């Protein structure tokens with residue numbers, strides 16, 4: 001029998017252990033029953049992870065303006081471009097797909113270039129789980145199994161099948177146990193909940209703040225104001241506060257998705273404030289954690305839009321320039337260099353350099369359950385170059401690590417939280433007018449080609465009836481940034497006046513604008529207002 005190679009799955013932060021065998025023809029998965037946390041179970045993405053290694057769309061040679069070129073020509077061009085620009089006209093961006101050691105090299109690369117424009121390009125809301133509230137215990141798998149008062153925020157089951165199994169087992173282990181779900185979409189986990197709260201889009205963090213305020217009146221939360229803003233009755237929040245009272249073994253678990261969370265930072269912090277006041281451990285699920293750069297992405301977006309960046313390096317990610325909604329700004333950059341595992345679907349101006357996938361590299365990382373190691377399952381695809389080989393073309397590059405986690409204290413964020421809540425509660429109503437709220441939905445789907453098309457839009461039955469559309473009809477969706485055609489799926493999991501599309505594929509993501517908070521500079525991709533109308537097939 002062929003040797004089973006073991007490693008940690010890179011598709012998210014659950015730290016699942018995978019086995020892969022090469023049978024002489026292709027790589028296939030083996031299920032390792034003897035190792036935690038998954039004990040042989042994998043989600044659809046993990047189950048198809050080995051496809052990445054020999055995927056037909058793997059990139060194995062550099063591209064220049066969409067056409068094959070040589071590494072010598074690519075390196076020569078990069079050096080020439082570098083000579084034609086000033087350090088302040090260079091930007092270096094890193095996203096997911098680059099390991100901790102590689103990010104250290106990228107930071108050193110920016111220092112060698114003399115630029116301060118070093119930017120984290122991972123804009124997913126789950127990156128806000130890097131912020132840790134002092135005094136909050138990080139949940140362990142034993143905490144999950146022992147929980148008798150469980151609060152799930154967002155689609156935790158879809159984000160962490162490993163935790164989902166233990167959460168369901170804990171829910172039925174004791175008749176006295178209680179489970180609460182807070183989400184703007186009624187996902188499958190709501191069917192297991194004793195209490196399901198469906199707030200208005202993007203207001204989950206306000207509900208969390210209110211429940212924390214009901215547990216500890218010293219927080220001085222405007223409970224009735226929050227109830228009015230979120231559409232969640234006060235009595236329902238009081239019921240949850242009673243379930244989560246201190247002294248009962250429990251768990252606060254939080255997930256976040258593009259187009260679903262309006263305030264990523266407060267989504268994370270308010271969940272942790274509630275965990276702190278309820279004396280429960282906390283876990284935030286997501287695909288990756290990436291440390292901050294020297295400047296925020298908001299400043300980079302502004303510089304790109306103003307044409308101040310002439311040479312752009314974008315490292316990491318499955319696709320060059322991970323956020324297509326930024327293409328208008330990126331198109332103003334004269335010289336562009338990106339790394340990629342796959343061939344871009346459409347030719348991109350500039351250089352695209354092939355690099356090994358995460359399954360072909362050695363490294364260490366952080367899962368939600370602790371540190372994990374990554375072992376190569378295969379040799380790097382012929383024609384690829386490591387990130388170290390690329391950046392060291394510029395000479396010696398120092399490894400400059402960045403801090404992954406940032407600790408904040410409750411007393412330090414209280415005033416800022418009060419200001420944020422007041423701004424939310426005093427804002428003009430945002431639910432008036434003839435429009436839909438569009439919510440993002442991130443499914444745990446397979447790798448496909450690379451992702452499935454995600455051509456369906458979820459509509460509430462009342463909205464479908466009002467629009468005279470039925471299951472399978474087509475509608476056009478228009479936001480302030482894009483327009484897309486979808487086939488209708490009529491379901492009651494979305495509230496009336498809201499709709500939902502998948503956000504794994506880039507075409508759908510363009511419907512959601514990348515917004516920059518003018519005060520904090522924080523980048524957000526929140527739910528968005530859209531027009532929806534029926535069209536012929």
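The values are calculated or read from the model by the stated rules, or taken from the named source; none is laboratory data. Being a predicted model, the structure only gives us computed values, none of them experimental. Every residue, glycine as well, gets a Cβ built from its backbone with ideal geometry; the counts of neighbours run over all protein chains shown.
Are any of the residues in region 319-328 out of contact with any helix residue (DSSP H, G or I) (no Cβ under 8 Å at 6 or more places or on another chain) and in contact (Cβ under 8 Å) with a residue 24 or more places away in the chain? Within region 319-328, one or more residues are out of contact with any helix residue (DSSP H, G or I) (no Cβ under 8 Å at 6 or more places or on another chain) and in contact (Cβ under 8 Å) with a residue 24 or more places away in the chain.
Among the residues making up region 359-374, those that are buried (at least 17 other Cβ atoms within 10 Å of the Cβ) and either modelled with pLDDT of 90 or more or assigned to a loop (DSSP other than H, G, I, E, B) (or both) are 360, 361, 367, 368, 369, 372, 374. Out of curiosity, is residue 518 in a loop (DSSP other than H, G, I, E, B) and either in contact (Cβ under 8 Å) with a residue 40 or more places away in the chain or at positive phi (or both)? No, not satisfied.
Residues in region 5-46 that are more than 20 Å from residue 376 (Cβ to Cβ) and modelled with pLDDT under 80: 44 alone. Screening 291, 281 for residues that are modelled with pLDDT under 95, touching a strand residue (DSSP E or B) at 6+ places or on another chain (Cβ under 7 Å) and within 25 Å of residue 15 (Cβ to Cβ) leaves exactly one candidate, 291.
Each row is one residue, and each column tells you yes or no for (1) under 21 Å from the mean Cα position of the chain (by Cα); (2) free of Cβ contacts under 8 Å to residues at least 40 places away in the same chain.
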| site | (1), (2) |
| --- | --- |
| 280 | no, no |
| 284 | yes, no |
| 307 | no, yes |
| 310 | no, no |
| 388 | no, no |
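Among the criteria (1) more than 17 Å from the chain's Cα centre (by Cα); (2) within 20 Å of residue 301 (Cα to Cα), the one residue 475 does not fulfil is (2). With respect to being under 22 Å from the mean Cα position of the chain (by Cα), assigned to a loop (DSSP other than H, G, I, E, B) and crowded, with 19+ Cβ neighbours inside 10 Å, residue 504 fits the description. On the given criteria, is residue 318 part of a loop (DSSP other than H, G, I, E, B), at pLDDT below 95 and within 22 Å of the chain's Cα centre (by Cα)? So residue 318 passes the test. The residues in region 1-58 that are touching a strand residue (DSSP E or B) at 6+ places or on another chain (Cβ under 9 Å), crowded, with 17+ Cβ neighbours inside 10 Å and in a loop (DSSP other than H, G, I, E, B) can be counted, and the count is 14. Looking across 226, 273, one residue alone is within 16 Å of residue 410 (Cβ to Cβ), over 15 Å from the mean Cα position of the chain (by Cα) and surrounded by 24 or more Cβ atoms within 10 Å (Cβ to Cβ). It is 273. Among residues belonging to region 332-346 that are in contact with a strand residue (DSSP E or B) (Cβ under 7 Å, 6 or more places away or on another chain) and part of a loop (DSSP other than H, G, I, E, B), point out the one that is nearest to residue 317 (Cα to Cα). This residue is 341.
Counting just the residues of region 375-389 that are buried (at least 18 other Cβ atoms within 10 Å of the Cβ) and within 16 Å of residue 51 (Cα to Cα), which one comes out modelled with the lowest pLDDT? That would be 377.
What about residue 475, is it in contact with a helix residue (DSSP H, G or I) (Cβ under 7 Å, 6 or more places away or on another chain) and assigned to a strand (DSSP E or B)? No, not satisfied. The number of residues in region 59-71 that are part of a loop (DSSP other than H, G, I, E, B) and either within 30 Å of residue 165 (Cα to Cα) or more than 26 Å from the chain's Cα centre (by Cα) (or both) comes to 7. Close Cβ contacts (under 8 Å, 6 or more residues apart or on different chains) running from residues in region 206-231 that are more than 14 Å from residue 263 (Cβ to Cβ) to residues that are at pLDDT below 95 and crowded, with 22+ Cβ neighbours inside 10 Å comprise 221/421; 222/421. Does residue 96 meet the test of being in a loop (DSSP other than H, G, I, E, B), within 17 Å of residue 316 (Cβ to Cβ) and out of contact with any helix residue (DSSP H, G or I) (no Cβ under 7 Å at 6 or more places or on another chain)? Criteria met by residue 96. Scanning region 158-185 for residues that are modelled with pLDDT under 95 and surrounded by 24 or more Cβ atoms within 10 Å (Cβ to Cβ) turns up 159, 160, 162, 163.
When the criteria are applied in full, residue 392 meets the requirement of being on the phi < 0 side of the Ramachandran plot and either free of Cβ contacts under 8 Å to residues at least 40 places away in the same chain or in contact with a helix residue (DSSP H, G or I) (Cβ under 9 Å, 6 or more places away or on another chain) (or both). Inspect region 193-208 for any residue being at pLDDT 95 or above and under 19 Å from residue 146 (Cβ atoms) and give the result as yes or no. The answer is yes; a qualifying residue exists. Given the structure, is residue 297 more than 23 Å from residue 132 (Cβ to Cβ), touching a residue at least 12 places away in the same chain (Cβ under 8 Å) and surrounded by 22 or more Cβ atoms within 10 Å (Cβ to Cβ)? Against the criterion (more than 23 Å from residue 132 (Cβ to Cβ), touching a residue at least 12 places away in the same chain (Cβ under 8 Å) and surrounded by 22 or more Cβ atoms within 10 Å (Cβ to Cβ)), residue 297 does not qualify. Inspect region 59-69 for any residue being crowded, with 18+ Cβ neighbours inside 10 Å, in contact with a strand residue (DSSP E or B) (Cβ under 9 Å, 6 or more places away or on another chain) and modelled with pLDDT under 95 and give the result as yes or no. Scanning region 59-69, I find at least one residue that is crowded, with 18+ Cβ neighbours inside 10 Å, in contact with a strand residue (DSSP E or B) (Cβ under 9 Å, 6 or more places away or on another chain) and modelled with pLDDT under 95, so the answer is yes. Whether any residue in region 81-88 is under 20 Å from the mean Cα position of the chain (by Cα), at pLDDT 95 or above and farther than 30 Å from residue 186 by Cβ is what I want to check. No, because not a single residue in region 81-88 is under 20 Å from the mean Cα position of the chain (by Cα), at pLDDT 95 or above and farther than 30 Å from residue 186 by Cβ.
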